[in-house]
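The values are calculated or read from the model by the stated rules, or taken from the named source; none is laboratory data. On a predicted model such as this, the values are computed, not experimentally measured, just so you know. Cβ coordinates were reconstructed from backbone atoms using ideal geometry, including for glycine residues, and neighbour counts include every protein chain displayed. When the accessible area is computed, the model is the full protein with side chains, heavy atoms only, and any ligands, DNA or RNA have been set aside. Shrake-Rupley method; radii C 1.70, N 1.55, O 1.52, S 1.80 Å.
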Amino acid sequence: MSESTTHTFQAEVRQLLDIVINSLYTDREIFLRELVSNASDAQEKMRHLQQTERNVFQGEAALEIAITTDEEAKTITIADRGLGMTHEELVTNLGTIAHSGTKAFLQSLESGASAAGNVIGKFGVGFYSVFMVADKVDVFTRSWQPDGTGLKWSSDGKGGYTIEEAEDQDRGTRIVIHLKGDQQGFAEKWKAQELLKRYSNFVPFPILLNGERTNTVEALWLKNRNEITDEQYNEFYKFIAHAWDEPRYRLHFNADAPLAINSLLFVPQDNPEPWGMGQTEPGVALYCRRVLIDPHPKGLLPDWLRFLRGVIDSDDLPLNISRETMQDSALIQKLGDVITKRFLKFLDSEAKDNAEKYSGFYAQFSRFIKEGAITDHKHREALAKLLRFESSMTEEGNLTGLDEYVTRMKEEQKDIYYLQAPSRASIESGPYLEAFKARGLEVIYFTEPVDEYVLSSLNEYSEKKLVSADSSDLDLPDAPDAESKESLSDSEAEEFSTWMKDTLGDAVEKVAPSKRLVDSPVAALVPEGQRMGPQLRAMMKTMKQDAPAMKVELAINPKHPLIIKLARARHSREDAAKLIAGQLLDTALLSAGLVEDPRSVVSRLNKVLELALEK
Ligand code: ADP
Ligand code: MG
C-alpha cells in the first residue's frame, strides 16, 4: 500500500540549491555540522515535548546521535531519536523556505559567489548543504505522534523529491547520504571523526561514530561557575587551545543583556609572538549554541586581543539560514565590544587585587596592551589604565600605573609628566629630570621603543594631559629655592642668551635662561607641536621621507659654574667661547636623543679637548 508522491522544490529552494552546489566549494565539510545540529535540535525539541506529552511513540528511547560511515557503500548516515517528521512536515521543512530572511540571503549570494564562500560556513544553509557532497539523500523519519507512520523522503537535490511510506521506522530521523564520486572521503571514519571533533564536540547529546562515543568534553562555558573545579577549567583550556601550560588568567562570563553571551576566556602563560614577528590568528572561537561557527573569527575581538584563547557562545547569533542573516555585522561588533569591555574591566581588577601576578602577565603581554592603546580608539582609556612603567618615584624594577600616578599628583599639578629614553639610567643622568625632582613632581619613564607610538596616540588620561618633561611649553612652578648659589644676574643672563643665539644661529629656535635646571648647564627643549621621536623619524626615513627639521629651544642655567665662566670668557677668549657654545648645544641634543649621527659631534669635541690642553 506504500505509494510514492513526487514533489518539486519551491522555486527559491531550487535557486538556493543551485548556488550551494555550484558555487560553494570551499566549505563543503560543514554539511556534517549542519545535519548534526539539526539532529541535536530535534532531540532538544523531543526533550521539551516529553515534559508535557504522555503519549510519545517509543518514549523510552535514549536521546543520542548515531553516525555511521560505510566506505563500501560510499555513504554516511546520521540518525537521531528526536521528534521526527510527519508527511506534512517533510514537505514544509525540507521542501520550502518559509522564512523572510531568505530572499535577502539569496540576493547576497548572487552578488558575489566568492563572498558566498565565506558566508556559508557562518550562516549555515542548513539541510540543503548536504547536496554539496551528495548525489542522493534519503531521509527516513517517524514522528513522535502515536498515530504517525514511517516515511522516506528522497531527492537528488536537483528538481524535486519523492515521499513514500517506509515500514519499521524508529522514532526520529535517519539521513542516508549517498556521496558524490569526488566526495567519497567523507565515508571514511577518520574524516568524519575529525569533523565531529572540530565542529560538533560540544553538542549536548552523545554522538556515536560507528558505535564509539566521540564527544566527551563538556561545554564548560555553559555550566554554572561554582560547579566547575580549577582542574576542569585547566583541562578545558588545554583542550581548546591545544596547549600544555596552565592559563595565567581565566574569565568565565555570562550575560543576558544586551546580548545573550556565554564565554570562557583564557590568558596563556606565554606570549604567542615572542619575537614580535608575524601575527597569530585570533584564538577565541565563536560558537552558537554549542556549535562551532568559526574557530578563528576575524573582526570579532580587536586584533590586540589575539593572545586570548577560549570560547564565545551567543544564542543571538543566527547560525542558520532560517534565522536572520548575519550580514548584520553590527551584531558581531556589538558582541566583540561587550566582551572586550568586560575583559578590560577584569584585567583592571586583577591588577588591583594582585599586582604581582599582574606584573607577571604584563611582562609577557605588555606589547598587546600597548598595541591596543595605539590602535584601539574605542578602548584607549581603559587600556591606558592597564599600562605599567617605572617612574621617578618607583624603585628600579618596580612598576606603577597612571591611576597611582594621579593619586600622587601635587595639588596644583595639572599635567602628567613623562620622559622617553632608552633606559632608566639615561633618563636619570639627563638634564630634564632635575627640575621635576626639585619640585617633588613625579615623572614617568617610558623606556621601550614602542612607547613612542603609545605616547603619540595617548594624549591624555583622566582628563590630564600627558606632557613630556623636555617640552619647551612647560610652565613649572618656582622651585623651592635651595641655598642661594652664585648666579648670573637677570640682565647678564639675558645678554648671555642673546650672545648664544647669535653664535648658534639657525641651529636653535631660541635661547633663554631657565629656572628648570639645577645640575646641568643647558638643556634642549622641544616645542610640543614638533615632537617626533627617533622611532618615527627612522620610520619616515625608511619610507624615504624627510622628517621635518626640528629646532629646539636651548634652556640655560644661570647658576651653573660652566655658564658663569662662559659668560665671562666670551669677552676674553671669544673663539674658545664660541667653540664651547657649539659643544654645549651638541651635548644638549645628545641628551635629548636628537643626534641622528653621533659622528657629527666628534670633530668639534676633539677641538674642545685640544683647547683644554692649551694653557
Ligand atoms: P534550520 O535548522 O535553520 O531550521 P535546516 O535547513 O537545517 O534549517 O532545517 C530545516 C527544517 O527541517 C528544520 O527547521 C526542522 O524543522 C527540519 N529538520 C531538519 N532535520 C531534522 C531532523 N533531524 N529531525 C527533525 N526535523 C528536522
Ligand atoms: Mg539546521
*Out of all the residues in the stretch 574-585, which are open to solvent by 20 Å² or more (accessible area, probe 1.4 Å) and touching a helix residue (DSSP H, G or I) at 6+ places or on another chain (Cβ under 7 Å)?*
K578, L579, I580, Q583
*How about the stretch 401-420: which of its residues are among the hydroxyl-bearing types (S, T, Y) and either out of contact with any strand residue (DSSP E or B) (no Cβ under 9 Å at 6 or more places or on another chain) or in contact (Cβ under 8 Å) with a residue 40 or more places away in the chain (or both)?*
T407, Y417, Y418
*How do the strands (runs of 3 or more DSSP E) wholly within the stretch 490-558 filter down when requiring 2 or more residues that are farther than 24 Å from R439 by Cα: which remain?*
508-513
*Considering only the stretch 497-519, state which residues are closer than 19 Å to A569 by Cβ and touching a residue at least 60 places away in the same chain (Cβ under 8 Å).*
W499, M500, T503, L504
*What about V130, is it within 14 Å of ligand 2 (Cβ to nearest atom), modelled with pLDDT under 65, surrounded by 15 or more Cβ atoms within 10 Å (Cβ to Cβ) and not charged (D, E, K, R)?*
no
*Within the stretch 1-95, which strands (runs of 3 or more DSSP E) (wholly inside it) include 1 or more residues that are surrounded by 14 or more Cβ atoms within 10 Å (Cβ to Cβ) and within 16 Å of ligand 2 (Cβ to nearest atom)?*
65-70, 75-80
*Would you say F202 is open to solvent by 40 Å² or more (accessible area, probe 1.4 Å) and aromatic (F, W, Y)?*
no
*Output the number of the condition that L16 fails; it satisfies all remaining conditions of (1) among the aliphatic types (A, V, I, L, M); (2) within 14 Å of ligand 1 (Cβ to nearest atom); (3) farther than 19 Å from D138 by Cα; (4) modelled with pLDDT of 80 or more.*
(4)
*asked:* Go through (1) free of Cβ contacts under 8 Å to residues at least 40 places away in the same chain; (2) open to solvent by less than 60 Å² (accessible area, probe 1.4 Å); (3) part of a loop (DSSP other than H, G, I, E, B) for P431 and report which single condition fails.
replied: (1)
*asked:* Scan the stretch 35-56 and tell me whether some residue there is among the basic types (K, R), at pLDDT 90 or above and either within 12 Å of ligand 1 (Cβ to nearest atom) or touching a strand residue (DSSP E or B) at 6+ places or on another chain (Cβ under 9 Å) (or both).
replied: no
_Test: residue in the stretch 136-156 that is open to solvent by less than 10 Å² (accessible area, probe 1.4 Å), out of contact with any strand residue (DSSP E or B) (no Cβ under 6 Å at 6 or more places or on another chain) and farther than 19 Å from A66 by Cα_ = no
*asked:* Tally up the residues in the stretch 346-362 that are of a type in the set (A, V, I, L, M) and either in the same structural domain as D451 (by TED's automatic domain parsing) or buried (at least 19 other Cβ atoms within 10 Å of the Cβ) (or both), please.
replied: 2
